[in-house]
Amino acid sequence: MAYLSIDFAEKMEYNSYCDKKLPERAIYIKEWYFFMGNKVVKFGGSSLADANQFRKVAEIIKSDEKRKFVVPSAPGKRFSEDVKITDMLYRCCELAGSGVDFSEDFQIIKDRYNGIISELGIDMSLEEEFETIAKELKARPAKDFAASRGEYLNGKVLASYLGFNFVDAGDVIIFDTKGMLLLDDTVKAVRKTLKNLDNAVIPGFYGRTTEGYIKTFSRGGSDVTGSIIANAVRAEIYENWTDVSGFLVADPRIVDNPDVIEVITYRELRELAYMGASVLHEDAIFPVRSAGIPINIRNTNRPEDAGTMIVSDDFDFSRESLNHTITGIAGRKGFSTINIEKAMMNSETGFGMKVLKVLYENGISFEHMPSGIDTMSITVDSAKLNTVRDKVIAEIRKEVTPDHIEIEDGIALLAIVGRRMKNTRGTVARIFASMAHARINVKMIDQGSSELNVIIGVSEHDLAEAIRRIYDMFINSEKMR
């Protein structure tokens with residue numbers, strides 16, 4: 001987003017004019033000027049797991065004066081066998097709900113925070129907050145309240161360490177009585193609170209309902225809080241700091257040292273995230289996407305890395321070097337395909353509608369539905385199908401009297417995503433060639449009208465090899481040109 005360069009006198013003169021002529025617009029312009037050029041920075045649990053990580057975070061924030069609004073997660077794992085603070089709080093809540101003394105477990109949480117405070121040399125105490133939390137858990141052991149306290153306490157500590165203002169997310173992130181985010185009300189509350197503050201730490205993951213109860217987002221929801229704050233303050237950029245240097249082209253557990261995706265559009269990200277390739281909460285995209293604010297995924301432990309830039313779908317890529325045809329590859333297991341055969345199916349009006357009606361009435365949505373003249377294949381989530389498998393088969397038989405119907409389980413879907421594929425000849429041919437060379441049977445292929453992605457179905461046991469082969473075909477081979 002581009003910002004005008006206007007000195008203070010010009011701002012005051014223009015604001016005075018707006019106050020007289022366009023009062024509502026004047027308020028908008030004044031807020032726009034105030035927040036202009038700021039960055040919102042969110043740090044994940046691994047970035048704030050211990051005192052040493054806090055120091056890294058503080059150094060990152062203070063290295064750029066635009067980083068004025070900070071959204072922290074609760075402390076994450078310090079080592080593989082460690083337990084996240086949020087999980088420990090859930091445990092305390094469960095014990096409290098069963099009428100069991102949770103003081104021993106709660107003491108571990110207290111020791112964790114007190115250890116961070118002590119190592120950082122901060123002159124503060126959380127004893128009053130600890131007492132309030134313990135009292136509330138005994139009286140009303142609500143999971144959302146318990147889970148939110150990790151971010152709340154970490155926000156208190158980080159604000160004190162940075163010398164920043166602390167803003168309770170419960171005062172500005174607003175949900176309705178059904179737990180749905182009220183984005184417009186939230187944005188207004190955030191702007192009203194932050195416009196008079198030079199800086200602030202706003203805990204992630206939670207807010208409060210209009211009835212006054214604490215409500216959390218789903219796991220990873222601190223990403224969403226950061227996105228909302230970025231929208232509200234019209235941030236120049238939303239930096240999301242984690243423990244990886246951006247999105248990777250493929251899963252590093254499958255492909256050795258995959259490349260980092262330097263730039264990705266929101267649409268490409270949505271496609272890959274749906275298949276499980278994500279270091280960002282899916283709902284974090286929408287608040288910044290609507291405001292045209294880019295997201296930069298960065299690594300707290302390697303702040304010199306540029307990371308991945310997530311940009312609007314209409315971003316001008318004309319000057320970007322076209323290194324690879326595809327942007328990313330991701331796959332997911334756990335699908336089944338309902339294969340239906342019937343002679344002259346294509347001439348039977350409403351055939352597909354009747355089949356989909358059966359799925360709808362049984363609460364099943366379909367992923368993909370390639371078809372032929374006499375065949376139809378519908379890919380669905382296996383877990384959802386399994387509870388009503390026999391019922392669905394019986395009802396399809398009744399509705400359309402197929403010549404043959406069967407369910408094939410153990411299907412994996414693999415997405416090959418890239419904005420460049422649309423203008424590149426032979427992309428699908430190269431995908432089939434890579435599968436043929438590996439003797440992998442492609443059970444289904446589907447390409448959207450936007451030509452942004454190609455979805456193929458393979459057996460679950462072939463998924464990892466399919467990803468490796470496609471990576472070799474589109475990434476490694478193109479590097480050698």
Filtering region 69-86 down to residues that are open to solvent by 20 Å² or more (accessible area, probe 1.4 Å) and under 14 Å from Pro203 (Cα atoms) yields none
Give all pairs with beta carbons closer than 8 Å in which a residue from region 49-67 that is within 16 Å of Ala200 (Cα to Cα) meets a residue that is polar (S, T, N, Q) and in a helix (DSSP H, G or I); count only pairs at least 6 apart in sequence or on separate chains. Val57/Ser47
Only one of Gly207, Gly221, Gly226, Gly212 is open to solvent by less than 10 Å² (accessible area, probe 1.4 Å), within 27 Å of Ile133 (Cβ to Cβ) and free of Cβ contacts under 8 Å to residues at least 40 places away in the same chain. Can you tell me which? Gly207
Note: among Asp171, Asp184, just one is over 18 Å from Asn154 (Cα atoms) and acidic (Asp, Glu), namely Asp184
Considering only residues that are more than 16 Å from Asn38 (Cα to Cα) and either assigned to a helix (DSSP H, G or I) or without any contact (Cβ under 8 Å) to a residue 60 or more places away in the chain (or both), which ones fall in region 281-297? Glu282, Asp283, Ala284, Ile285, Phe286, Pro287, Arg289, Ser290, Ile297
Regarding region 188-197, can at least one residue be identified that is touching a residue at least 40 places away in the same chain (Cβ under 8 Å) and of a type in the set (Ser, Thr, Tyr)? no
Could you pull out the residue among Gly121, Gly115 that is at positive phi and among the small types (Gly, Ala, Ser)? Gly121
Would it be correct to say that Ala273 is under 12 Å from the mean Cα position of the chain (by Cα), open to solvent by 10 Å² or more (accessible area, probe 1.4 Å) and not polar (S, T, N, Q)? yes
Strands (runs of 3 or more DSSP E) enclosed by region 383-481 - at least 2 residues per element that are open to solvent by 20 Å² or more (accessible area, probe 1.4 Å): 404-417, 444-447
Taking interchain pairs and intrachain pairs at least six residues apart, which have beta carbon atoms under 9 angstrom, with the first residue in region 105-134 and under 12 Å from Leu153 (Cβ atoms) and open to solvent by 50 Å² or more (accessible area, probe 1.4 Å) and the second outside any helix (DSSP H, G or I) and of a type in the set (A, V, I, L, M, F, W, C)? Asn114/Leu126
Where Tyr238 falls short, out of the listed (1) closer than 24 Å to Lys422 by Cα; (2) assigned to a strand (DSSP E or B); (3) open to solvent by less than 10 Å² (accessible area, probe 1.4 Å): (1)
Is there a residue being at pLDDT 95 or above, open to solvent by 40 Å² or more (accessible area, probe 1.4 Å) and more than 24 Å from Glu129 (Cα to Cα) anywhere in region 89-104? no
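The values are calculated or read from the model by the stated rules, or taken from the named source; none is laboratory data. Keep in mind that this is a model prediction, so the values were computed, not measured. With ideal geometry, Cβ positions are generated from the backbone for all residues, glycine too; neighbour counts draw on all protein chains shown. Remember, those area values only see protein heavy atoms, side chains included, never the ligands or the DNA or RNA. Shrake-Rupley method; radii C 1.70, N 1.55, O 1.52, S 1.80 Å.
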